Structure formats: C-alpha cells, structure tokens
Amino acid sequence: MILKQRYLDRLIFRIVKLWIIVTVFPAWRELSKRHKDAHFLPPRVVVPQWGDEKFLWRKAIDHNPLFATVSDKIAAKEWAAKQGFSIKPPQTLWTGTDANLIPDALWERPIYIKGAHGWRMNIPVLTPPADRAAVIAQANAFLQQEHGRRTRQWAYKPLPRRLIVEEALFPDQELFEG
C-alpha cells in the first residue's frame, strides 16, 4: 500500500511539474539555465526551495491580486509607502503616456525614463541627450510593449501603460537590470 502511494505521489508531482513548465515555459527555460549554473540541478518547481523556484511557482500557481500592484512601478511605491516600509525609492518626477510631454527642466538633470507596466524598460538619461527625439521615440515605444502575455505572467496584463521619470539616485552609475 505504501509503495503504491509513493508511485501515485510521484505521478501527481510529475503531472504538476509538467503543467507548470507548459504554463510558464519561457520563464521556466530561463530559470533552468540560471539554476543549473548556480545549483547544478534543474529547478524544483513542484516543491520549490530556492527563491527563484518559489517565484516561478507564484507566476504559475498563485494569482494573488497584490502581484499586479507590486508589478506596477508607480503602484508599488504607493503600496510600500502605505505599509510604512523604511525605504527611500527614487522620487517620481513625472508620469504620463507621451514622452514628448516630459518637462524641459527634467532633461537637464540625471534621470531614468521607465515603463511603469513591465520590465527591462529603462533609459538612463544621466546627461542631457544629444538626440532628445531618439530618447523620446524609445520611451514612447515602451508604451507599445505588452509584458507578460508571451510568458504568461498574468499580473502585468491589467497594468495601465505609463511612463515615469525618476531621479537617478546614483547618477555616476548606470542601472543594471539582470
């Protein structure tokens, strides 16, 4: 009886693992590459132990509405402030849906222009740009990007597409997003 239960448990775990892999395949593939380099093992997505495994589990299984809030750069700052966390995020200097409307004065100081609704949408403007029109075009292109659909990251879907301009906390260092 115990042996039969073990086989049944393994079968259930394999089915759940396959379902998770199929559901969030691009994210799983990327995690697998990183995970094998760091831990020499494939990720355990059914019984996650490492932080990255738990994050993948949450993408696939846990649809807590708070994920949408913390996925939005503006809403995440507001949420953190309400929680009373003692962090000082970069000050938001401007928000909008057209980079052409960024005030001239902001172009003269070290800033980052970001898409608030996704990831890997950061433009460092640490000195006044030689070609402001190119930076504006790049920023406005962020508004065309829909994050999460291909990788089935559901929390990005309801986010409004917006741009934000933030102060550069360390103007002598460019932001790195891995």
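The values are calculated or read from the model by the stated rules, or taken from the named source; none is laboratory data. A quick note: this is a predicted structure, and the numbers were derived from the prediction, not measured. Note that each Cβ is placed from the backbone with ideal geometry, even for glycine, and that neighbours are counted across all protein chains shown. Quick note on the areas: whole protein, heavy atoms, side chains included, nothing else; ligands and nucleic acids left out. Shrake-Rupley method; radii C 1.70, N 1.55, O 1.52, S 1.80 Å.
Measuring with a 1.4 Å probe in the full set of protein chains, what accessible area per residue, in whole Å², belongs to the stretch 1-157?
Numbers: 10260 Å² over 157 residues.
Accessible surface, normalised per residue, equals 65 Å².
Hey, what's the per residue convex hull volume over the C-alpha atoms of the stretch 46-96, in cubic angstrom?
Once divided by residue count, the hull of the stretch 46-96 is 120 Å³.
What's the extension gain from F40 to K88 if we count 0.36 nm per residue and subtract their Cα-Cα distance?
Full extension of this stretch gives 13.6 nm more.
Roughly how big is the stretch 89-161's charge dipole about its Cα centre, with Cβ charges of +1 (Lys, Arg) and -1 (Asp, Glu), in debye to the nearest 20?
The dipole magnitude comes to about 500 debye.
What percentage of the solvent-accessible surface of the stretch 1-147, computed with a 1.4 Å probe over protein heavy atoms, is contributed by carbon and sulfur atoms? Mind showing how you got there, number by number?
Values: 5740 of 9440 Å².
Of all accessible area on the stretch 1-147, carbon and sulfur atoms account for 61 percent.
Over all pairs of distinct alpha carbons, what does the Kirkwood formula give as the hydrodynamic radius of the chain, in Å? Before the final figure, lay out each step's value.
Numbers: mean 1/r = 0.0533 Å⁻¹.
Hydrodynamic radius (Kirkwood, Cα only) of the chain equals 18.8 Å.
If I model the stretch 67-157 as equal point scatterers sitting on the Cα atoms and use the Debye formula, what is log10 I(q)/I(0) at q = 0.20 Å⁻¹?
Those come out to -1.04, one per q.
Exposed loop sites here are trypsin sites (Lys or Arg not before Pro) in DSSP loop states with at most 14 other C-beta atoms within 10 Å. What is the longest stretch of the chain lacking them?
By the stated rule (loop sites, at most 14 other Cβ atoms within 10 Å), 1-119.
Evaluate E = 1/(1 + (r/R0)^6) for L8 and W119, where r is the Cβ-Cβ distance and R0 equals 30 Å; express this FRET efficiency to the nearest 0.05.
Values: r = 39 Å, r/R0 = 1.31.
Using R0 = 30 Å, I get an efficiency of 0.15.
Would you kindly derive the ³J(HN,Hα) couplings of the stretch 53-70 from the backbone phi angles with the Karplus curve 6.51 cos²θ - 1.76 cosθ + 1.60 (θ = phi - 60°), listing them in order in whole Hz, with x for Gly and Pro?
The phi angles translate into 5, 5, 5, 5, 4, 5, 4, 8, 10, 8, 9, 5, x, 4, 4, 5, 4, 7 Hz.
Given the -39500 (n - 2.57) contribution per DSSP H run of 4+ residues, what per-residue ellipticity at 222 nm results for the chain, rounded to the nearest 500 deg cm²/dmol? Write out the running numbers ahead of the final one.
Details: 6 runs with 75 residues, N = 178.
It lands at -13000 deg cm²/dmol.
Could you give the size of the charge dipole of the stretch 46-127 about its Cα centre, using +1 on the Cβ of each K and R and -1 on the Cβ of each D and E, expressed in debye and rounded to the nearest 20?
Values: 10 positive and 8 negative charges, 42 e Å.
Using Cβ point charges on Lys, Arg, Asp and Glu, the stretch 46-127 gives about 200 debye.
Which log10 I(q)/I(0) values does the stretch 11-115 give at q = 0.12, 0.18, 0.21 Å⁻¹ under the Debye formula, counting every alpha carbon as one identical point scatterer?
-0.64, -0.94, -1.06
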